[in-house]
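Any read-out appearing in this document is the output of simple, stated calculations on the displayed coordinates, not a laboratory observation. Remember, predicted model here, so these are calculated numbers, not experimental data. Here the Cβ positions follow ideal geometry from the backbone for every residue, glycine too, while neighbour counts run over all protein chains shown.
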Amino acid sequence: MTTQGSGPTPTGGSPAPEPTLEPTTDFARVEDGFERLWTPHRMAYILGDRPTEEAGHGCPFCAAPGKTDAEGLIVHRGEHCYVVMNLFPYNPGHVLVCPYRHVSLYVDLTDDETAEFTALTKQAVRALQSASEPHGYNLGMNQGAVAGAGVAAHLHQHVVPRWSGDSNFLPIVGQTKALPVLLEDTRVRLVDAWPTG
């Protein structure tokens with residue numbers, strides 16, 4: 001157990017003994033090789049307001065198609081799905097593939113929606129490759145809030161371009177993500193690079 005610090009006592013007596021620390025091996029834990037980075041500030045986002053299961057009720061993915069492409073940050077519109085810039089990108093060019101229909105699970109897409117969802121994901125990768133030549137990509141979707149979906153009520157697939165050395169500690173230390181290009185500039189580059197046919 002830890003004792004209080006050293007220094008003279010209030011009555012001018014001898015200094016208190018040095019504190020003793022418990023060895024870390026006495027703490028309950030299981031070694032797994034991972035370091036932990038605690039980010040309690042994210043709880044405000046996790047516990048914040050979320051769109052409901054009702055289509056349109058606060059859902060950014062229901063709202064975006066009703067705006068102009070520039071206002072809604074839309075890169076491409078298909079018949080059943082569309083591609084939109086992520087308003088809070090991990091990296092420049094981070095886009096989301098979304099069905100127009102307010103549906104939360106991948107398995108709830110129709111066959112036509114699934115085919116276009118997949119085709120637009122492939123086209124997004126091709127457009128990003130042409131526009132900015134990333135070294136790799138993260139593709140994925142989070143099904144449900146417990147899986148990390150920020151907007152769990154409306155299905156969306158992330159397409160995140162990656163470059164060697166694109167991660168650093170600036171977001172953790174400075175709570176800032178450095179993005180070298182504006183969203184609209186990136187959107188225009190992707191629109192121009194979008195594959196035809």
>> Less than 14 Å Cβ to Cβ from Tyr137, Lys/Arg counted +1 and Asp/Glu -1: what total charge do the surrounding residues give?
In response: +1
> Could you list, bin by bin from short to long, the percent of Cα-Cα pairs of the range 71-139 in 10 Å steps?
Replying inline: 20, 52, 26, 3
> Once amide H atoms are built 1.01 Å from N in the peptide plane, which residues 5 or more positions from Val75, or in another chain, come under 5 Å H to H?
Replying inline: Val83, Val84, Met85
